[in-house]
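To start, the structure itself, in structure tokens.
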Amino acid sequence: MSDSKTTITVWIFALTLLAGLLVLPQLLSYSQREIAVFLIINVLLVVSYRLMTLTGEWSLGHVVIMGVGAYASALFSKRLGVPVPLSMFLGASTAGLTAVVLSFPLFRMKGFYFLIGSFAAGEVIRLIWKYFTFPFGGAKGLNLIPSFPDIGWISFFDPVNYYYLCLIVVSVSLFILYRVERSRFGLTFHALHWQDKLAESVGVNTFRYRMLAFTLASFFAGLSGALYAHYIGTVNPTRFDVEEMVYVLIWAIVGGTATFYGPIVGVVALTIVNDVLLRALGFDTIRPMIYGAVLIASVLFMPDGLESIFPKLKRLMMGRKTEPATKSEAGEIP
Amino acid sequence: MSELILQTIVNSIYAASYMSLIAVGLVLIFGVMGVINFAHGELYMAGAYTVVALYSGLNLPFFVAVVVGMVFVGLLGLVMEYAFFRALRDNPLGGLIASIGFLLILQTVAVLGFGVRMAHIRPSTQEKIELFDGVLLTHQRLYVIVAAILLLTALYIFLRKTKFGWAMRACAQDTEAAALQGISLNQITRIAMFIGAGLAGVVGALTAPLVSPTPYMGHSIIVTAFIIIVVGGIGQLEGAVVAAILYAFVHTFVTTFFDGVVADMVGLVLMLLVLVVKPTGLFGANDRV
């Protein structure tokens, strides 16, 4: 992984990708530009979700945490008049703080119990939004959320400009998340996933590291929520319900979570299938059915996720046997 | 006041009946396949629409429609087993995604066949029993309660007394050891899927006149069922029944005396409390994860 040739290839690939992303909005129609903005936000959401899954626990509350970021940022800017860029940061921090608090009850559970426990905690938060009209706006939620302030002549009302803003924020966040995974902390997260008893026996405080992963993941989920809220200008409890969470889960599992790029491939591929291809074909009523069939086919024929194609492709192109895929590096489905 | 309390108790018993049937089916599937069936709510929906088609549409007798619904949904369970659950036996998250895919397909079929609007079904009977002064139980609800008692007893006897039942429990405890004893795993999973799905179907069919089916009715039921099976301890049939009764009583009482949103909140908080005190549910084994 560390030889200079691979590093150069990675850099060339990354720069090409960046260039592609920069010209992308110019090639799209207006509605597709909007889809592109949401796609970028969802990339951050699903990659932050993967950080959480590194420790081996799958949460069903991640979208609600994103909502905490969205609600908090909207409230800070709308009711307290905090400038939007700062309120976004505060919103993300609120999401992180929520995770710290939720860690205490939730990390007593494991596996399916954690899955459902996190779902219940998320539902409680969502019902609080729904029940309290002040300050959360009840079932109708909040609207007229201040948008991102213009910088000079650049108006962020335009999806293209907001796309570039999101691209910058998300790229920086992804870089941080990537570095975290490669750091000592990231290695500990992997250790917790595979051998939590062993890790504990050599002195790793498993609770504290799980909490750290959860908090970091929630911070970035909250940031994606804040990006969402100040673009669309309105948030409501239904936007963050379990159905949306199921989509995040689908993106992560269909893409695969063993590699950093797996979930990104998942969200990009499935968004293109659902929002671009099927919409263009015009099957509005039977779109969910085709999507469902795609899901079943993908888990049946690619149980390791879309990410597993790339090592295979690489092997094909190289025409020789390289070491088996990156499986050993990171999280497998528990 | 005492009438209201008695009436709420009767309503709770009704709620406990259908919830425990749904939850037991889900637990049965989980126990044998190791997969959480996310499409369970849509199987319930399919049962309800069988009644819409046969009883409202073709004017067949109500109970014929119910039995056909149970068998039809049981067969849907077999389709799921054959199409993907068998291949994904050691892959719980894959099974989850596949069942979500199947859920979307079933919903679309229902939308195509019956439209997105609520289907109103005339009740099969208008009769009701007056238990005490002013405490009523309609026959329509009584059917559900009787069906729950009969089916759960039958299931209990099946699992405890018959050879198939023993084999099924063996598979739930240790798949490999069961296979080594010559138990056909595929046959057991087929039976479990048929029974589990059929239970969801019969509930959907029996409650169809009471709830006005929509293609998306499975959503709320699956959420409740998840809460119940986690509180009971995943994979524990008795736990699921006890948790269903507990949840039904708490939820119905809080809904009656406060409102639905508070009831949902109380239910979720109670569940979290149970899990904080005992992280593997009420009946779950301590060391299993």
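The values are calculated or read from the model by the stated rules, or taken from the named source; none is laboratory data. Small disclaimer: the values here were computed from a predicted structure and weren't measured. Note that we place each Cβ from the backbone using ideal geometry, even for glycine, and neighbour counts take in every protein chain shown. These area figures cover heavy atoms from the full protein model, side chains too; ligands, DNA and RNA do not enter into them. Shrake-Rupley method; radii C 1.70, N 1.55, O 1.52, S 1.80 Å.
What the table shows:
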| read-out | value |
| --- | --- |
| Region B:86-98, residues that are more than 7 Å from chain A (Cβ to nearest Cβ) and not charged (D, E, K, R) | B:PRO92, B:GLY95, B:LEU96 |
| Residue tally, condition in a loop (DSSP other than H, G, I, E, B), in contact (Cβ under 8 Å) with a residue 60 or more places away in the chain and either within 12 Å of chain B (Cβ to nearest Cβ) or in contact with a Ser or Thr (Cβ under 8 Å, 6 or more places away or on another chain) (or both), over region A:248-269 | 3 |
| Boolean, B:VAL230 is within 14 Å of chain A (Cβ to nearest Cβ) and more than 26 Å from B:ALA48 (Cβ to Cβ) | no |
| Selected residue (only one of A:THR188, A:THR215 is open to solvent by 10 Å² or more (accessible area, probe 1.4 Å), closer than 25 Å to A:VAL46 by Cβ, over 18 Å from the mean Cα position of the chain (by Cα) and β-branched (Val, Ile, Thr)) | A:THR188 |
| Filtered residues of region A:304-314 (kept if modelled with pLDDT of 80 or more and either part of a helix (DSSP H, G or I) or touching a helix residue (DSSP H, G or I) at 6+ places or on another chain (Cβ under 6 Å) (or both)) | A:GLY305, A:LEU306, A:GLU307, A:SER308, A:ILE309, A:PHE310, A:PRO311, A:LYS312, A:LEU313 |
| Which numbered condition B:ILE36 fails, given (1) assigned to a helix (DSSP H, G or I); (2) under 24 Å from B:ALA87 (Cα atoms) | (1) |
| Criterion (open to solvent by less than 20 Å² (accessible area, probe 1.4 Å), in contact with a helix residue (DSSP H, G or I) (Cβ under 8 Å, 6 or more places away or on another chain) and within 20 Å of B:GLU238 (Cβ to Cβ)) met by exactly one of B:LEU43, B:LEU26 | B:LEU26 |
| Qualifying residue in region A:140-159 (condition: free of Cβ contacts under 8 Å to residues at least 60 places away in the same chain, open to solvent by 20 Å² or more (accessible area, probe 1.4 Å) and within 9 Å of another protein chain (Cβ to nearest Cβ)) | no |
| Residue match in region B:115-127 (condition: surrounded by fewer than 19 Cβ atoms within 10 Å (Cβ to Cβ) and either assigned to a helix (DSSP H, G or I) or within 12 Å of chain A (Cβ to nearest Cβ) (or both)) | yes |
| Residue check for B:PHE258: at pLDDT 85 or above, crowded, with 24+ Cβ neighbours inside 10 Å, within 14 Å of chain A (Cβ to nearest Cβ) and out of contact with any Gly (no Cβ under 6 Å at 6 or more places or on another chain) | no |
| Criterion (away from chain A (no Cβ under 13 Å), open to solvent by 10 Å² or more (accessible area, probe 1.4 Å) and out of contact with any Gly (no Cβ under 7 Å at 6 or more places or on another chain)) met by exactly one of B:PRO279, B:PRO213, B:PRO209 | B:PRO209 |
| Filter result for the condition that a residue is among the basic types (Lys, Arg) and at pLDDT 85 or above, over A:LYS140, A:LYS110 | A:LYS140 |
| Flag for B:ILE13 being in a helix (DSSP H, G or I), among the hydrophobic types (A, V, I, L, M, F, W, C) and either open to solvent by 10 Å² or more (accessible area, probe 1.4 Å) or at pLDDT 95 or above (or both) | yes |
| Some residue of region A:117-135 being more than 19 Å from the chain's Cα centre (by Cα), within 14 Å of chain B (Cβ to nearest Cβ) and not in a helix (DSSP H, G or I) | yes |
| Test for B:GLY101: is it within 14 Å of another protein chain (Cβ to nearest Cβ) and open to solvent by 50 Å² or more (accessible area, probe 1.4 Å) | no |
| Residue match in region A:99-115 (condition: open to solvent by 40 Å² or more (accessible area, probe 1.4 Å), hydrophobic (A, V, I, L, M, F, W, C) and more than 14 Å from chain B (Cβ to nearest Cβ)) | yes |
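Listed here are the residues, each with its yes/no results for (1) hydrophobic (A, V, I, L, M, F, W, C); (2) assigned to a helix (DSSP H, G or I); (3) within 14 Å of chain A (Cβ to nearest Cβ); (4) open to solvent by less than 50 Å² (accessible area, probe 1.4 Å).
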site: B:VAL79; (1), (2), (3), (4): yes, yes, yes, no
site: B:PHE84; (1), (2), (3), (4): yes, yes, yes, yes
site: B:THR108; (1), (2), (3), (4): no, yes, yes, yes
site: B:VAL144; (1), (2), (3), (4): yes, yes, no, yes
site: B:ILE157; (1), (2), (3), (4): yes, yes, no, no
